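The values are calculated or read from the model by the stated rules, or taken from the named source; none is laboratory data. Not measured: the values here are computed from a predicted model. Don't worry about glycine lacking a Cβ; one is built from the backbone with ideal geometry, like all the others, and counts go over all protein chains shown.
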Amino acid sequence: MQPDCPALGCPKALYACVCMSESARVHVSLLARVLVALLRWLNSQTEEDRRILAAVTGVQVGRELLNRITGQDKVDAYKRDCVLSIAQFLRQNPRASQAQINAEVEKNVLLFAARVKALETAPIL
């Protein structure tokens, strides 16, 4: 059994929906389309289904290359980590003062910014 969301305590099914980045949702959607296209081609082996499989696979490969070049999937993950960390702090400190909340938000935003900045010097592939 998969654990609940570590920050918000919501059920795993909801956590996957709320906490999964747009990039990850698109990846899952494209992967499903590739698998459907592959299954169609395996069942029929028609030229039309082969072309569909090739096109959908090409889109997936192109998307993966774009993510590697732009680092958008990592930025999305860092953003999610930032939000979840703040949410976890609020959950663990329900009586935190506004100054404490501001300090925690600032700390997490600075960490997010530093991680994104580090992507500029990271190797692409």
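The residues of segment 70-125 that are of a type in the set (S, T, N, Q) and either in a helix (DSSP H, G or I) or touching a residue at least 60 places away in the same chain (Cβ under 8 Å) (or both), listed by number, are Thr70, Gln72, Ser85, Gln88, Gln92, Gln98, Gln100, Asn102, Asn108. The residues in segment 64-116 that are at pLDDT below 95 and among the acidic types (Asp, Glu) can be counted, and the count is 3. Consider segment 56-74 and keep the residues that are surrounded by fewer than 17 Cβ atoms within 10 Å (Cβ to Cβ) and among the hydrophobic types (A, V, I, L, M, F, W, C). The one that is nearest to Thr121 (Cα to Cα) is Ile69.
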